[in-house]
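Comments concern the structure below.
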Amino acid sequence: MCGIVGYVGSRDSIEVLLEGLARLEYRGYDSAGVAVVADGSIDMRKRGGKLSVLRESLDADVLPESGTGVGHTRWATHGGPTDENAHPHLGDDGKLALIHNGIIENFGELRAELESAGEAFESETDTEAAALMLGRIYRETGDLTLAMRRLVARLEGQFTLLATHADHPQLVVGADHNSPLLIGFGEGENFLGSDVNAFVKYTKKAEALGNNQIVTITPDSVNVTDFDGNVVTDNKTFEISWDAAASEKGGWSSFMAKEISEGPEAVENTVRSRIKDGLVRLDESEMFSADVLSQIDRIVIVACGTASYSAMVGKYAIETWTKLPVEVELAHEFRYREPAVTQNTLVISISQSGETMDTKMAVQYAKQLGARTLAICNTQGSTIPRESDAVLYLHAGPEVAVASTKAYLAQVVGQFLFGLHLAEVLGTMSDGDIREITDALLALPEQLRQTLETGKEVRELAHWMSDTRSVLFLGRHVGYPVALEGALKLKEISYIHAEGFAGGELKHGPIALIEPGQVVFVVVPSSRTQPTMHSKIVSNIQEIKARGARIIAVAEEGDAAVMPYADVVLRYGTTNPMLAGVLAVVPLHLFALELATAKGLDVDQPRNLAKSVTVE
Ligand code: M6R
């Protein structure tokens, strides 16, 4: 959950590190620090608080110029977000600096061993045990790469580590175990980072380290070995497909606002190149063959948070189109039970970051159980696609705000593409039926643009509601996961109580929550294509209205039946019923953004959260 960056080259490393940290801050923003090697010593600065606090300190009191350094932005696990607990941590009497992402599970044992050997700790972190241990091993070997290899043999848990030493003015060593680390290749300079954001401003050529590997970078060389010291040459280098500007805020007030506005493009870029002559054509080199697909008899989709709600929307479509049973399971629940999975089960993982630990573990578990695995993922070079048998990349572009918005849209349409492809292979849909859906898919970007125009109305609503303490969301069919997503977004960035329910569940309990003035968002299915469900939800609306609720209906254009009961109606465009979950979510994303803004909160960096949850 932390962001890590390392640099060797001829630029001023502080500038490179701060630039990288600014782009990685979404991974953790409790505290930040940098260390550089200059004039035979390590110079370090670290501060609790956001990166801006560190910046101010560095502006007030500059560190010496240096071409070698490491930087860290933290999401606290062991020890609160204080100056002392911020990374880097020092070893070898201050001559070595180490930064860490992950958790060292045996740190208590290591700490006791180090303390009894006379080492003094300055922080409460697990990382400092690794730094002090690395320092001791280094003293025996004088070789930082070898010392790192010996250190990782002593560590339990999951980690990415980067270290630099005063004896080696142009060298950074990294190691990864169940935690991401990427190399950025430059001319006369090289970079390391938790993801490509760390160095995309300087180079587009990247490579992800495989699990249990060690990398040593100098300005002119990059050497990778496994934990036993065997040279690794088969990691795949790739070209970063987006520009540094894509992960900048531009003129927007927040990344979230920018990313909501990029929803139409995210859908367009994910869908357009995959539809040929009205049928779905996926990249053969990354997808299963038709033979393999024909053997699938069941699908399980694993994901967390917003990605899991996108999976619930996907389930309705894939099951309808392919006639295969589809289940959605939270990755962390799937991982710790004994699911009935066979080699004919396809386990699809959905992840924006491709690094969510719970989802990654679920994929590994599915493979162990013999299932086939497909990753639907937005981040190139990330771990989950690398560990899966097949991949469908989304093209939403980088998502920086902690609250996922455009990636949700891309995740849903990514599943539609796969569902239609599978339906064609299995022969469960005619070409004509598929073309009807692909036409609707291609129309989505423009419809999304129109839905975004509800922005002004939603802003007024949010201002009117800025003191609201609880909001409920109700939906049926694909509107149900949309309701869950609306509630999650609100909790995440507005810190108010919000719950999503299936409309049919109302009378089984949640209706007891309704009291005069309670605001309820109701996601209304289409009266044209889902008349039965539509009339059921109109009954739900009447029931809660009768008990004094204030109704905000999210309804299809032209739906007049909700008008007499709703206090406000927000509209989405007419589409196929399976696709409505793409359009109907937009007013809810906008509402969460506007409410948090009206409350004066930091929408991009909500408290206690980080963008990629890389620990269990
Ligand atoms: O990177 P992933 O898609 O795997 O992340 C999964 C969840 O952690 C993520 O969707 C989270 O729920 C978002 N912050 C919600 O806005």
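The values are calculated or read from the model by the stated rules, or taken from the named source; none is laboratory data. Predicted model, so just to flag it, every value in this text is computed and none were measured. Cβ atoms come from the backbone with ideal geometry, glycine included; neighbour counts cover every protein chain shown.
Check the range 316-335 and report whether any residue there is farther than 30 Å from residue 268 by Cβ and buried (at least 24 other Cβ atoms within 10 Å of the Cβ).
Yes.
With the requirement that a residue be in a helix (DSSP H, G or I) and free of Cβ contacts under 8 Å to residues at least 60 places away in the same chain, what does the range 292-313 give you?
Within the range 292-313, the subset in a helix (DSSP H, G or I) is 292-295, 305-313.
If the condition is that a residue be in a helix (DSSP H, G or I) and free of Cβ contacts under 8 Å to residues at least 60 places away in the same chain, then 295, 308 are the ones that fit.
Could you grab me the full set of residues in the range 1-21 that are over 19 Å from residue 220 (Cβ atoms), of a type in the set (Gly, Ala, Ser) and at pLDDT 95 or above? Step through it out loud before you land on a result.
From the range 1-21, those over 19 Å from residue 220 (Cβ atoms) are 1-5, 14-15, 17-21; that's our starting set.
Now drop any that are not of a type in the set (Gly, Ala, Ser), which leaves 3, 20.
If the condition is that a residue be over 19 Å from residue 220 (Cβ atoms), of a type in the set (Gly, Ala, Ser) and at pLDDT 95 or above, then 20 is the only one that fits.
Suppose we filter 346, 324, 282 for residues that are more than 16 Å from the ligand (Cβ to nearest atom) and not in a loop (DSSP other than H, G, I, E, B); which single one remains? Let's see the steps before the verdict.
On the way: 324 fails: not in a loop (DSSP other than H, G, I, E, B); 282 fails: not in a loop (DSSP other than H, G, I, E, B).
From the options 346, 324, 282, the qualifying one is 346.
Being in contact with a Gly (Cβ under 8 Å, 6 or more places away or on another chain), among the aliphatic types (A, V, I, L, M) and not assigned by TED's automatic domain parsing to the domain that holds residue 398 is true for just one of 152, 232. Which residue is that? Write out each step before concluding.
Details: 152 fails: in contact with a Gly (Cβ under 8 Å, 6 or more places away or on another chain).
After applying the criteria, what remains is 232.
Those residues that are in contact with a strand residue (DSSP E or B) (Cβ under 7 Å, 6 or more places away or on another chain) and free of Cβ contacts under 8 Å to residues at least 40 places away in the same chain, I need them from the range 144-176; list them, please.
Answer for the range 144-176, where residues must be in contact with a strand residue (DSSP E or B) (Cβ under 7 Å, 6 or more places away or on another chain) and free of Cβ contacts under 8 Å to residues at least 40 places away in the same chain: just 176.
Quick one: count up the residues across the range 328-380 that are closer than 26 Å to residue 295 by Cβ and polar (S, T, N, Q).
10
What are the pairs with Cβ atoms under 7 angstrom where one residue, in the range 365-381, is in contact (Cβ under 8 Å) with a residue 24 or more places away in the chain and the other, located anywhere, is surrounded by fewer than 23 Cβ atoms within 10 Å (Cβ to Cβ) and of a type in the set (Asp, Glu)? Sequence gap at least six, or different chains.
372/389; 373/389; 374/389
Out of all the residues in the range 36-82, which are farther than 30 Å from residue 603 by Cα and small (Gly, Ala, Ser)?
From the range 36-82, those farther than 30 Å from residue 603 by Cα are 36-44, 61-69; that's our starting set.
Scanning the range 36-82 gives 38, 40, 41, 66, 67, 69.
For the range 350-382, which positions are more than 15 Å from the ligand (Cβ to nearest atom) and part of a helix (DSSP H, G or I)?
Once the filter is applied, which keeps residues that are more than 15 Å from the ligand (Cβ to nearest atom) and part of a helix (DSSP H, G or I), the range 350-382 yields 365, 366, 367, 368.
May I ask you to list the residues in the range 469-490 that are under 11 Å from residue 552 (Cβ atoms), more than 22 Å from the chain's Cα centre (by Cα) and not aromatic (Phe, Trp, Tyr)?
Here is the first cut: in the range 469-490, the ones under 11 Å from residue 552 (Cβ atoms) are 471-474, 486.
Then keep just the ones that are more than 22 Å from the chain's Cα centre (by Cα); that gives 471-474.
Within the range 469-490, 471, 472, 474 qualify.
Out of the helices (runs of 4 or more DSSP H) lying entirely within the range 405-496, which hold 2 or more residues that are more than 24 Å from residue 301 (Cα to Cα), more than 16 Å from the ligand (Cβ to nearest atom) and at pLDDT 95 or above? Show your work before the answer.
Details: elements: 406-426, 431-452, 455-464, 479-494.
The helices (runs of 4 or more DSSP H) meeting that bar are 431-452.
Which residues, counting only those in the range 262-287, are touching a helix residue (DSSP H, G or I) at 6+ places or on another chain (Cβ under 9 Å) and under 14 Å from residue 424 (Cβ atoms)? Before you say what the answer is, go through the steps one by one.
If we filter the range 262-287 for residues that are touching a helix residue (DSSP H, G or I) at 6+ places or on another chain (Cβ under 9 Å), which is where we start, we get 262-272, 274-275, 277-283, 286-287.
274, 275, 277, 278, 279, 280, 281, 282, 287 - these are the residues of the range 262-287 that are touching a helix residue (DSSP H, G or I) at 6+ places or on another chain (Cβ under 9 Å) and under 14 Å from residue 424 (Cβ atoms).
A quick yes/no check of all residues on (1) touching a Leu at 6+ places or on another chain (Cβ under 8 Å); (2) over 19 Å from residue 614 (Cα atoms):
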site: 287; (1), (2): yes, yes
site: 292; (1), (2): no, yes
site: 297; (1), (2): yes, yes
site: 301; (1), (2): no, yes
site: 309; (1), (2): yes, yes
site: 320; (1), (2): no, yes
site: 328; (1), (2): no, yes
site: 336; (1), (2): no, no
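Which is among the aliphatic types (A, V, I, L, M) and part of a loop (DSSP other than H, G, I, E, B), of 200, 224, 215? Step through it out loud before you land on a result.
Numbers: 224 fails: part of a loop (DSSP other than H, G, I, E, B); 215 fails: part of a loop (DSSP other than H, G, I, E, B).
One residue alone meets the criteria, 200.
Just to check your reading of the model, which residue among 555, 560 is free of Cβ contacts under 8 Å to residues at least 40 places away in the same chain, surrounded by fewer than 17 Cβ atoms within 10 Å (Cβ to Cβ) and more than 20 Å from residue 259 (Cα to Cα)?
Numbers: 555 fails: surrounded by fewer than 17 Cβ atoms within 10 Å (Cβ to Cβ).
The unique qualifying residue is 560.
If residue 135 satisfies all but one of (1) in a loop (DSSP other than H, G, I, E, B); (2) out of contact with any helix residue (DSSP H, G or I) (no Cβ under 7 Å at 6 or more places or on another chain); (3) of a type in the set (Gly, Ala, Ser), what's the number of the condition it fails?
Of the numbered conditions (1) in a loop (DSSP other than H, G, I, E, B); (2) out of contact with any helix residue (DSSP H, G or I) (no Cβ under 7 Å at 6 or more places or on another chain); (3) of a type in the set (Gly, Ala, Ser), the odd one out for residue 135 is (1).
Hey, does the range 5-13 have a residue that's in contact (Cβ under 8 Å) with a residue 12 or more places away in the chain, over 12 Å from residue 74 (Cα atoms) and of a type in the set (Phe, Trp, Tyr)?
yes
Residue 258 - would you say it is in contact with a Phe, Trp or Tyr (Cβ under 6 Å, 6 or more places away or on another chain) and not polar (S, T, N, Q)?
Values: in contact with a Phe, Trp or Tyr (Cβ under 6 Å, 6 or more places away or on another chain): yes; not polar (S, T, N, Q): yes.
Criteria met by residue 258.
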